[in-house]
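The values are calculated or read from the model by the stated rules, or taken from the named source; none is laboratory data. The model shown is predicted, which means the values in this text are computed figures rather than measured ones. When we count neighbours, we look across all protein chains shown, and the Cβ atoms used for this are built from the backbone with ideal geometry, even at glycine. Quick note on the areas: whole protein, heavy atoms, side chains included, nothing else; ligands and nucleic acids left out. Shrake-Rupley method; radii C 1.70, N 1.55, O 1.52, S 1.80 Å.
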Amino acid sequence: MIRLFNTVAFRLAMGYGILVLCAVAVISAILYLGTVGVMDREINAKIFGVSDRLTKRFEEHGLEGVQQGIDQLLTDGIDSDTEVYLLVGPDGTKIIGNIDLLTGRPIQLDELVDKRVVRFGRISNSRLLPHHFSNGSILVVGRDMQDVHEINQLILRSLGMGGVLAVVIAVGGAILFRNQLEHRVAAIRHTVLEIEAGDLSRRIPVLDSNDEFTRLNHDINHMLDQIQHLMEGVRNVSNAIAHDLRTPLGRIRSLLDEALRQDRNPEKLSTAATNAIRQIDDLTVVFDKLLQIAEAESGTRRQSFEPVALKEIVTDVVEFYDAAAEAKGIRLTIGIEGEPTTLGDKDLLASATANLVDNALKYAGNDSTVRVRAIQDRNTVSIVVQDNGPGIPAGEIEKVMMRFYRGDQSRTLPGNGLGLPIVSSISQLHAGTFALEDATPGLRARIVLPRVRT
């Protein structure tokens, strides 16, 4: 039971109940003051009005005029159940009225007072306004308040019953709110426990409603999708790294072991050391590229983004590879359309472009053409590298985007299967996309980035 009262859901539910009760209390107070208060003001105004009229009659016609006025009020049949009048002469005798002479403690003149009087032989709780005339006589105008008291009690009883009903509704609503809240939170906790146990495929159930919990569950599920994707990527990368490192490390060990087992000829030892260093350098390149991918995926380089003209990047990369292309008999051309500019990291975009050109020169074959273009569209800019070589089979286009994947065509050439994943990571870092397309013949690699207007 103590645990129940200590839950966040219970405290939220009680807060909801208290808010409901406060709202009911405020509404009840407004209702009470708006009814009883208005009635009191109307009664007081009427008493003062009648007293003023009778005082004016005294000034015009004397005490006899007041007596006639009271007699008319008592016999006109208006408010006969509630009206109270009394005229007392200078000698203290009753001249006219429907209540007995006032007894007990003297009352303040010209001020309203609630007092018990005898009216028509019965006790009456009345509101009185006594006024003293200049000749010593006293005029009392008032009203029997019994009906007002009954209305007051009726309103209070109604408000009391409404308050009790409001408490019941508030408590019931609080309990229902708590149960609903705990049910929704329990679904999240259950999913979290299953994921904690190792089942990354579990997701939080999403209802058809569009409330805050549904949107929260959508966001959490999307986050879990991303986490599962990253975990699978890490698992695949780990497996690929273990597989790809095992082979070169085994070769290095074999080279060194063979060199040590022989007659330790200096020339053979030097050759073995040279080969080992070369393969270690290849492993260093692999790790450098993995670090480049990790850096791009972390998003830390976004802080240094600035407007970058793609024309400069494409021109520099083409000039860098121009000699290598000429040595292979490949025609390397450049094309610029508009003034393509994006917001990004110039070094990373140059690295991505260089990877694409390097792949094209490597796989397009001799006597082929590689065209590098920077294109400006309405809202985007693109870097396109296209060749007319053999291309990539349709079934392998998605696979070559995976880290360490190398198709049948590329296994005979140097490489580590990280070039295209690096390009993809850099494109995503720049809020862009990267795609490979069949150019028939050849392959078209396209990086699309958001355009920045300068």
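Annotations for the structure displayed:
- Residues being modelled with pLDDT under 80, open to solvent by less than 50 Å² (accessible area, probe 1.4 Å) and aromatic (Phe, Trp, Tyr) are represented in region 395-409 by at least one member.
- Looking across region 323-345, the residues that are in a strand (DSSP E or B) and not small (Gly, Ala, Ser) come down to Arg331, Leu332, Thr333, Ile334, Ile336, Glu337, Thr341, Thr342, Leu343.
- The lone exception for Arg105 - which of (1) closer than 15 Å to Ile43 by Cα; (2) exposed (fewer than 13 other Cβ atoms within 10 Å of the Cβ) it fails: (1)
- Annotation: of all residues in region 368-391 being part of a loop (DSSP other than H, G, I, E, B) and farther than 19 Å from Glu319 by Cα, the one that is most open to solvent (accessible area, probe 1.4 Å) is Arg378.
- Scan region 139-171 for residues that are open to solvent by 60 Å² or more (accessible area, probe 1.4 Å) and over 36 Å from the mean Cα position of the chain (by Cα) and the total you get is 11.
- Region 203-237, residues that are open to solvent by less than 90 Å² (accessible area, probe 1.4 Å) and in contact with a helix residue (DSSP H, G or I) (Cβ under 6 Å, 6 or more places away or on another chain): Arg203, Ile204, Pro205, Val206, Phe213
- For region 68-96, the tally of residues that are of a type in the set (Asp, Glu) and either open to solvent by 80 Å² or more (accessible area, probe 1.4 Å) or assigned to a loop (DSSP other than H, G, I, E, B) (or both) stands at 4.
- Count - residues of region 83-99 that are hydroxyl-bearing (Ser, Thr, Tyr) and under 16 Å from Ser51 (Cβ atoms): 1
- Residue pairs meeting the criteria (Cβ under 6 Å; at least 6 apart or on separate chains; first in contact (Cβ under 8 Å) with a residue 12 or more places away in the chain, in region 416-443; second part of a loop (DSSP other than H, G, I, E, B) and open to solvent by less than 30 Å² (accessible area, probe 1.4 Å)): Gly417/Phe404; Gly442/Gly389; Gly442/Gly391; Leu443/Gly391
- Apart from one condition, Leu356 fits all of (1) at pLDDT 90 or above; (2) over 23 Å from Pro450 (Cα atoms); the exception is (2).
- Contact map, region 192-221: first residue over 24 Å from Arg178 (Cβ atoms), second residue of a type in the set (S, T, N, Q), Cβ cut-off under 6 Å, separation 6 or more or different chains; pairs are Leu200/Gln228; Arg202/Thr191; Arg203/Asn221.
A quick yes/no check of all residues on (1) more than 19 Å from Ile123 (Cα to Cα); (2) among the basic types (Lys, Arg):
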| site | (1), (2) |
| --- | --- |
| Ile138 | yes, no |
| Ile151 | no, no |
| Arg157 | yes, yes |
| Gly160 | yes, no |
| Val164 | yes, no |
| Ala170 | yes, no |
| Gly173 | yes, no |
| Glu182 | yes, no |
| Val185 | yes, no |
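- Condition met for Pro414 (open to solvent by 60 Å² or more (accessible area, probe 1.4 Å), at pLDDT below 75 and closer than 19 Å to Gly365 by Cα): yes
- Scanning region 117-138 for residues that are surrounded by fewer than 11 Cβ atoms within 10 Å (Cβ to Cβ) and more than 21 Å from Thr55 (Cα to Cα) gives Phe120, Gly121, Arg122, Ile123.
- For Ile99, the conditions (1) open to solvent by 70 Å² or more (accessible area, probe 1.4 Å); (2) of a type in the set (A, V, I, L, M, F, W, C); (3) touching a residue at least 40 places away in the same chain (Cβ under 8 Å) are fulfilled apart from (1).
- Number of positions in region 339-349 that are open to solvent by 50 Å² or more (accessible area, probe 1.4 Å) and either among the hydrophobic types (A, V, I, L, M, F, W, C) or in contact with a strand residue (DSSP E or B) (Cβ under 9 Å, 6 or more places away or on another chain) (or both): 3
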